[in-house]
Amino acid sequence: MNVRDLSVEFLQSQSSDAGGGGAGGERRITMSQVAAAAGVSKNCVSLALRNEPRIPEATRVRIMGVAERLGYVKNPVVAHLMTELRRAKVATYRRTFAVINAHANPRALQQHPTVRLWMEGCRARANELGYRFDEFWLHDPELNGERLARILSARGINGVLVLGQYGEQRLPERFAELWRRQACVVAGVRTEGPTLSFCCVDHHEALREAFRHLQALGYRRPALVLSERIDALLSGRYAGAMWTAQRALPEADRVEPFMRSPQDANYSVMLRRWLHEQNPDVILTLHPELRGFLAGLGLDAPRDIGLAHLELSSVVEDWAGIDQHTHEGGSAAVDMLVGMVHRNEKGIPTVPRAMMIGGSWKNGKTLRVQSPAKRESRRVRVTLCASA
């Protein structure tokens with residue numbers, strides 16, 4: 001007998017009308033009692049308590065109020081079995097969510113290497129649950145919070161995902177009214193002003209995981225090369241994790257980070273100077289362009305210096321580094337949003353919730369095991385090359 005058959009058999013013998021013993025032998029308030037008190041059908045109560053949009057909002061609020069007043073509590077066993085029954089069915093269309101592209105590129109959901117993966121994860125999970133997305137661009141000059149809130153209300157949308165916040169952590173003030181009316185989840189980063197509930201990669205632990213693998217390979221002087229703007233967007237989690245990890249190293253092997261962007265003027269000159277002064281033997285970075293800059297200085301990875309990428313993608317598929325599992329992150333963000341909608345949670349949260357996605361290490365061609373002799377010969381080679 002499968003899960004569905006067992007669930008049906010159980011529900012037939014243990015329906016919600018049968019109640020159940022509460023604390024001290026008290027019987028549970030049943031869904032039928034709530035329906036009678038509210039003057040609606042039992043099915044209407046069931047849908048309202050799941051916050052289904054098929055039930056008018058005013059009716060949902062009234063039924064929830066009656067259930068709370070009577071002290072109705074869901075039977076956790078029945079609720080679990082009903083969830084299993086719904087999973088056994090092929091998902092059908094339920095409702096639409098809004099996804100807001102907050103990136104400067106209006107096509108970032110399809111084109112940006114990171115945002116696209118988050119979006120693919122969001123869409124895959126939404127399809128499993130029977131949801132669809134209407135897409136909007138945060139920087140559309142014709143949009144503001146008031147207008148977008150009206151559009152979403154007219155379409156019956158009561159859940160918003162924000163993706164691609166890669167410029168600043170602050171969301172535009174003109175959209176304040178939207179955040180107050182909707183259930184919102186930010187995917188990929190944390191926002192400030194306002195701080196909404198968010199789902200992102202555990203960047204701090206991802207760097208520490210990479211650091212441990214570099215040490216296992218014999219690298220002694222790991223260094224972080226990262227744009228200061230990107231690290232600030234991530235609340236300093238990479239730089240903070242690097243500082244924490246390096247505390248375990250001998251003081252002589254601690255390397256100052258190079259917090260510059262490859263787009264900065266004289267980047268190659270500054271990189272050369274930093275390599276000469278700090279003499280790292282391996283670099284952790286988010287910038288795939290770095291490999292080309294090192295090649296321009298006569299340095300090959302892994303022959304002369306190791307490279308590890310903190311966000312592996314098709315752009316750096318031969319690198320060693322961290323798989324951030326952004327597809328799974330997108331799925332988790334949708335689960336967060338669905339849960340908020342079911343709980344009727346709207347507006348800017350007093351206590352924002354966060355979900356962290358763990359990364360995992362993958363070996364690649366940009367690193368190799370370091371022998372003691374190789375470490376010393378590489379040290380001389382980098383010094384001579386960087387000072388040339």
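Of all residues in the stretch 144-153, one or more are part of a helix (DSSP H, G or I), in contact (Cβ under 8 Å) with a residue 12 or more places away in the chain and either within 16 Å of Cys199 (Cβ to Cβ) or polar (S, T, N, Q) (or both). Looking across the stretch 134-193, just one residue is more than 18 Å from Leu109 (Cβ to Cβ) and among the aromatic types (Phe, Trp, Tyr), and that is Trp179.
When you look at Leu207, is it in contact with a Phe, Trp or Tyr (Cβ under 6 Å, 6 or more places away or on another chain) and in a helix (DSSP H, G or I), yes or no?
On the way: in contact with a Phe, Trp or Tyr (Cβ under 6 Å, 6 or more places away or on another chain): yes; in a helix (DSSP H, G or I): yes.
Considered against the rule, which asks whether it is in contact with a Phe, Trp or Tyr (Cβ under 6 Å, 6 or more places away or on another chain) and in a helix (DSSP H, G or I), Leu207 comes out as yes.
Residues in the stretch 232-249 that are outside any loop (DSSP other than H, G, I, E, B) and either closer than 17 Å to Gly218 by Cβ or of a type in the set (S, T, N, Q) (or both): Thr244, Ala245, Gln246.
For the stretch 123-170, a tally of residues being small (Gly, Ala, Ser), at pLDDT 95 or above and under 30 Å from Glu228 (Cα atoms) returns 0.
Under the condition of being part of a helix (DSSP H, G or I) and touching a residue at least 12 places away in the same chain (Cβ under 8 Å), which residue from the stretch 213-231 is farthest from Gly292 (Cα to Cα)? Even if it seems obvious, please write down each step before you answer.
Taking the stretch 213-231 first, the residues part of a helix (DSSP H, G or I) are 213-216, 228-231.
Among the residues that remain, those that are also touching a residue at least 12 places away in the same chain (Cβ under 8 Å) are: 213-214, 228-231.
Working: His213: 24, Leu214: 21, Glu228: 20, Arg229: 21, Ile230: 20, Asp231: 22 Å.
Looking at the filtered set, the residue picked out is His213.
Within the stretch 173-193, the set of residues being loosely packed, with under 15 Cβ neighbours inside 10 Å and either hydrophobic (A, V, I, L, M, F, W, C) or in contact (Cβ under 8 Å) with a residue 24 or more places away in the chain (or both) comprises Arg174, Arg180, Gly193.
Let's see how each residue does on (1) buried (at least 22 other Cβ atoms within 10 Å of the Cβ); (2) touching a residue at least 24 places away in the same chain (Cβ under 8 Å); (3) under 28 Å from the mean Cα position of the chain (by Cα):
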{"residue": "Met259", "(1), (2), (3)": "no, yes, yes"}
{"residue": "Trp274", "(1), (2), (3)": "no, no, no"}
{"residue": "Asp281", "(1), (2), (3)": "yes, yes, no"}
{"residue": "Leu284", "(1), (2), (3)": "yes, yes, yes"}
{"residue": "Arg291", "(1), (2), (3)": "no, yes, yes"}
{"residue": "Ala308", "(1), (2), (3)": "yes, yes, yes"}
{"residue": "Gln324", "(1), (2), (3)": "yes, yes, yes"}
{"residue": "Asn344", "(1), (2), (3)": "no, yes, yes"}
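Taken together, the residues in the stretch 250-270 that are among the small types (Gly, Ala, Ser), within 17 Å of Arg291 (Cα to Cα) and outside any loop (DSSP other than H, G, I, E, B) amount to 1.
The values are calculated or read from the model by the stated rules, or taken from the named source; none is laboratory data. This one's a predicted model, so the numbers in the text were calculated from it and none came from an experiment. Glycine also receives a Cβ, built like all others from the backbone with ideal geometry; neighbour counts cover every protein chain displayed.
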